[in-house]
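Colleague: So that we are looking at the same thing, I have put the structure below in structure tokens.
The values are calculated or read from the model by the stated rules, or taken from the named source; none is laboratory data. Computed from a predicted model, the values in this text were never measured in an experiment. With ideal geometry, Cβ positions are generated from the backbone for all residues, glycine too; neighbour counts draw on all protein chains shown. Please note that ligands, DNA and RNA were not included when accessible areas were found on the heavy atoms of the full protein model with its side chains. Shrake-Rupley method; radii C 1.70, N 1.55, O 1.52, S 1.80 Å.
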Amino acid sequence: MLLRMAVCARLCGVGQSRRCRRRQRHSQADQDSDSEMDMDEEEEEERVVGKMKDEPDGSSSSCHNSRGAGPSGAGGLGSVDSAGPPHPQSLLDLPPELLVEIFSSLPGTALPNLALVCKKFRQILNTETIWRRRCTEEFGMRDDLRKMEIVGVSSRDLYVKLLHPYRHILGLWQPDIGPYGGLLNVVVDGLFIIGWMYLPPHDPRVEDPMRRRPLFRIHMWEKNKATVECMYGHKGPHKGDIQTVKKDEFSTKCNQTDHHRMPGGRQEEFRTWLEEEWGRTLEDIFHEHMQELILMKFIYTSQYDNCLTYRRIYLPPCLPSDLLQPGLFKGTYGSHGLEIIMLSFHGSKAKATKLTGDPNVPAGQLTLEVDLNRPVRLPDLEHQRSMEELSRLVRGVHEEAQSGSQGRDTQSEAAEVAPPEGVKSSDSTPPAEAEGFEQGAAACSAASEPQPFVLPLGVMARNEVYPRTCKMCFYGTGLIAGHGFTSPERTPGLFALFDDDRFGFIWLELKSFSLYSRLTDQLSHAQAPSMERFEAMLRNMQSWTS
């Protein structure tokens, strides 16, 4: 902290600290004075720790503001240049408005320790300008700060008692709801911190905007302290609680679950849930298997209406070489309705990971894997309508990919026994794969002209309104499994890129087509710190539901 203050002082033209000058006055010939000063400052920084305390002015210790000898004193701190006014010798000599500007540029986490230095610093840190700037720069609040001050909440209290304590829960989270998962976005929203549950549009309107439902909110309207409220149910906000379980994980708990119940009992709750979740009544759903799936989801998810645990997730990093902007997409999944997936790129692979799932393939699993080394050139429209022709084309690439994968496995085993000279054993990208990726990228560039696209006869599609041209196609695999994620297997399919915001996948085994559309909502505090952290998160997500 003191080092940062010293830097600020030097930027403002302030001289060295008083302790340093006193040491130089006693021993100017000592060549080690600089290192001694650094050690003293480190020791002082260790002592200046703790939380900001609202002590009475009379009990607080004031800054050391004694001055040295006057103009006649050799090396005096208050020495005056005969040619002009005295120069400031420390931060204390700066005008308050300049100190406000300096302190406003420091991160909010550093200000409590700065307030412990002396009474003058603590008084200046009560300036609203400092905390208003911290709220704006760190949390994006602007006009809302004025509203908070109107209702009697200062920007300082807002930062210290609400924004800073709950900063760790901002961002994207996946709720632990068995195979169904979900997407929670915690944001600073107006005068609140709100946890929004994101829900896909009603099936099959995949290009409609996402629906949002508030699960909890935190505010400071009561007793000038942060209050957590549960928003679940139909009786309005009621008392709740938030607990940080461990890093990148937290839990919510409702303390008044009677607010979740409805007068008509479970039957009325189910009908209301069905209308919100699916946009229809049970009588409108004629498919018996679909009715069973819907009823199963209601029974399972309703167990979590009073307590939920969330795990942090990140948006995928974006690289210039990516086929399109990675991110979140809504996709059609047959009788299971619409689900949310995360598209990310990993060298020559594109991966789609489920954020919401179903009893067959749960949330967290890798639903699609696309081989960007293997572009597929579609035949003319007449042959595209033939399922046999498309199947022959894709399965031929599938067999080639399988044999190539086995060959790479054999080369990898040989490399582990005797790695070539000059090549480290940790090198994970085979030269053949890197060369294939370059060839695939060249083929993509050559085939990037829009080409006609039509689904083969016999392929089921939830949404008949799909693009009739595509930019390019690739071989890929899709994950299918029995109920309860039994006997999972990756089966071949065709990935079709329509534009920057839409793509599709034909599941050959299921004779089914999924259409995906980009989730365009602005999601803050969600970027992955690094590709390594993002890939570790994907591995963890798969382990949660495996």
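Colleague: When the accessible area of region 460-546 is split by element with a 1.4 Å probe, what percent falls to carbon and sulfur?
Modeller: Using a 1.4 Å probe with all protein chains present, region 460-546 comes out at 48 percent carbon and sulfur.
Colleague: Can you list the HN-Hα couplings for region 364-380, worked out from phi with the Karplus curve (6.51, -1.76, 1.60; θ = phi - 60°), rounded to whole Hz and with x for Gly and Pro?
Modeller: Computed from phi, the couplings for region 364-380 are x, 8, 7, 6, 10, 9, 10, 8, 6, 6, 10, x, 10, 8, 6, x, 5 Hz.
Colleague: Excluding ligands, DNA and RNA, what is the solvent-accessible area per residue of region 159-269 at a probe of 1.4 Å, expressed in Å²?
Modeller: 46 Å²
Colleague: Which whole-number percentage describes the relative contact order of region 204-260, with Cα contacts under 8 Å and a sequence gap of 6 or more?
Modeller: Worked out over region 204-260, it gives 24 percent.
Colleague: I need the chymotrypsin sites (Phe, Trp or Tyr not before Pro) found in region 227-291, filtered to DSSP loop residues with at most 11 other beta carbons within 10 Å of theirs.
Modeller: Phe286
Colleague: On to the next question. Suppose all protein chains stay in the model; what accessible area per residue would a 1.4 Å probe give for region 459-515, in Å²?
Modeller: Ligands and nucleic acids excluded, the result is 39 Å² per residue.
Colleague: Here's another thing I want to ask about it. Could you pull out the pairs from Lys161/Lys297; Lys119/Lys225; Lys161/Lys235 whose alpha carbons sit more than 30 Å apart here?
Modeller: The pairs that break the limit, which is 30 Å between Cα atoms, are Lys161/Lys297.
Colleague: Not counting ligands, DNA or RNA, and with a 1.4 Å probe, what is His289's accessible surface area in Å² rounded to the nearest 10?
Modeller: Per-residue accessible area (His289): approximately 90 Å².
Colleague: Placing unit charges on C-beta atoms (Lys and Arg positive, Asp and Glu negative, everything else neutral), compute the dipole magnitude of region 256-357 about its Cα centre in debye, rounded to 20.
Modeller: With Lys and Arg at +1 and Asp and Glu at -1, about 660 debye.
Colleague: While we're looking at this one, here's another question. Can you give the accessible area of Lys235 in Å² (nearest 10), computed on protein heavy atoms with a 1.4 Å probe?
Modeller: Roll a 1.4 Å probe over it and Lys235 shows about 120 Å².
Colleague: What are the residues whose amide H is under 5 Å from the amide H of Leu323, where those residues sit 5 or more places off or on another chain and H is modelled from the backbone?
Modeller: Amide H neighbours of Leu323: none.
Colleague: Just read off the accessible area of Met290 with the full protein assembly in place, 1.4 Å probe, to the nearest 10 Å².
Modeller: 10 Å²
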